[in-house]
Ligand code: HEC
């Protein structure tokens, strides 16, 4: 009798193995990535990548035990739930308010020691944060939150000792193309044209990131310059009336012009 039960269980476990989880990661759009947008120092990048990105992004590296059902289902559920709550790969698409709220939640989770999940650090020793790493990460998130709140051009963007920053040619060309796209006059009653404009501008942002060879402080400054613009391009895709759209368009043109005050 006992033998039969054990054999029965064994057969069930074997059968379970045929129900495999889907481990393909959704496609990654670099311009929406949390790290790409916020450009943290390398230590912070390392912490985020080793302690959070497996669950909260589209860059999941599945552990070996995710090959074994029913543990695999449990892992998959965790990842699905984590991505719904906070997805670093879709950060750029979050509205400003949501970004702010998620940053606040991150601070809370870290302060309460709830993230990364305990079950995860059992098997990922490098994800276990030292007290110093935790403080470092919390401080950086707080700083990022404040920076986000000051949605003005002086959010840290400044000249290089009174001189303009050197940009690479491709970056300047990209900004110039954005200007050409953003200055198109939209006829009355064509609200959808603004959405199309936002979409084209976002494609240009993607090209700009791909071709950018700027490094160090120049690169930081470009980030400070471009991030609020990306928010505005995104908003253009969702405007609900023409007055709003026209104000936004004017604002974008002003910002694009402002590039030449800081970069050459
Ligand atoms: C093993 C997977 C896993 C890892 C690693 C992980 N999380 Fe989570 N996280 C989850 C899951 C699952 C949820 C949703 C359920 C919950 O709140 O417990 C979540 C929820 C959250 C939330 C939203 C909480 C809320 O109240 O809505 C935040 C913020 C968060 N995690 C931040 C982080 C940060 C920061 C890290 C890295 C330091 C991290 N997580 C690492 C799985 C993970």
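For the ranges 62-70, 247-255, what's the packing order if you count other beta-carbon atoms within 10 Å of each residue, average per peptide, and put the highest first?
Working: 62-70: 13.3, 247-255: 16.0.
The densest-packed peptide leads the list: 247-255, 62-70.
Tell me the relative contact order for segment 25-171 as a rounded percent, counting alpha carbon contacts under 8 Å between residues six or more apart.
Working: 109 pairs, mean separation 40.2, N = 147.
Relative contact order of segment 25-171: 27 percent.
May I ask for the Kirkwood hydrodynamic radius of the chain, worked out over all distinct Cα pairs and given in angstroms to one decimal? Walk me through the numbers on the way to the answer.
Values: mean 1/r = 0.0473 Å⁻¹.
Mean inverse Cα-Cα distance, inverted, gives 21.2 Å.
Which residue, 168, 139, 241, tops the fluctuation ranking in a GNM of the chain built on C-alpha contacts under 10 Å?
241
Take every Cα pair under 8 Å in the chain that's 6+ residues apart, average their separations, divide by the length, and report that relative contact order as a whole percent.
Details: 239 pairs, mean separation 52.7, N = 264.
Once normalised by length, the contact order is 20 percent.
Normalised by the number of residues in segment 169-262, what is the relative contact order in percent for Cα pairs under 8 Å and 6+ residues apart? All intermediate terms of the calculation are to be shown ahead of the outcome.
Values: 71 pairs, mean separation 38.9, N = 94.
RCO, segment 169-262: 41 percent.
Beyond 24 Å, what share of the Cα-Cα pairs of segment 169-262 is found? Please give it as a whole percent.
On the way: 836 of 4371 pairs.
Percent of Cα pairs beyond 24 Å in segment 169-262: 19.
To the nearest 0.05, how large is the calculated FRET efficiency for residue 9 and residue 220 if R₀ is 45 Å and r is the Cβ-Cβ distance?
On the way: r = 58 Å, r/R0 = 1.29.
According to the calculation, E is roughly 0.20.
Starting from a Cα-only point model with no solvent, please compute log10 I(q)/I(0) by Debye for segment 2-149 at q = 0.12, 0.14, 0.18, 0.19 1/Å.
The computed values of log10 I(q)/I(0) come out as -0.56, -0.72, -1.08, -1.19.
Before rounding to the nearest 500, sum -39500 (n - 2.57) across all DSSP H runs of length at least 4 in the chain and divide by the residue total; then give [θ] at 222 nm in deg cm²/dmol.
Numbers: 12 runs with 167 residues, N = 264.
Mean residue ellipticity at 222 nm (helix-derived): -20500 deg cm²/dmol.
Only counting other Cβ atoms within 10 Å, I'd like 226, 31, 15 sorted with the fewest neighbours first. Working shown, then result.
Values: 226 24, 31 19, 15 10.
Listing 226, 31, 15 from fewest to most nearby Cβ atoms yields 15, 31, 226.
By the gyration tensor of its Cα atoms, with a ≥ b ≥ c the square roots of the eigenvalues, what is the shape of segment 65-140: rounded for a/c under 1.5, prolate for a/b over b/c, or oblate? Please report the intermediate quantities before stating the final value.
Numbers: a/c = 2.69, a/b = 1.26, b/c = 2.13.
It is oblate, given that a/c is not under 1.5 and a/b is not larger than b/c.
How far, in degrees from 0 to 90, does helix 169-182 lean away from the longest principal axis of the Cα atoms of the chain, to the nearest 10?
With rounding to tens, the tilt is 80 degrees.
Under 10 Å, Cα contacts only: if you run a Gaussian network model on the chain, which one of 221, 136, 17 comes out with the highest mean-square fluctuation?
17
Report, in degrees rounded to the nearest 10, the 0 to 90 angle that the Cα long axis of helix 96-111 makes with the longest principal axis of the chain.
That helix lies at roughly 40 degrees to the long axis.
State the percent of C-alpha pairs, over all pairs in segment 1-77, separated by a distance greater than 21 angstrom. Walk me through the numbers on the way to the answer.
On the way: 1397 of 2926 pairs.
Percent of Cα pairs beyond 21 Å in segment 1-77: 48.
To the nearest 10 degrees, how steeply does helix 131-149 sit against the main Cα axis of the chain, on a 0 to 90 scale?
Computed tilt is about 40 degrees.
Among 29, 202, 39, which one shows the highest mean-square fluctuation when the chain is modelled as a Gaussian network with alpha-carbon springs under 10 Å?
Comparing 29, 202, 39 in the GNM, the peak value goes to 29.
The numbers here are math on the coordinates, done by the rules we state, and not lab data. Source: prediction; values computed, not measured. Every residue, glycine among them, receives a Cβ derived from its backbone with ideal geometry; neighbour counts consider all protein chains shown.
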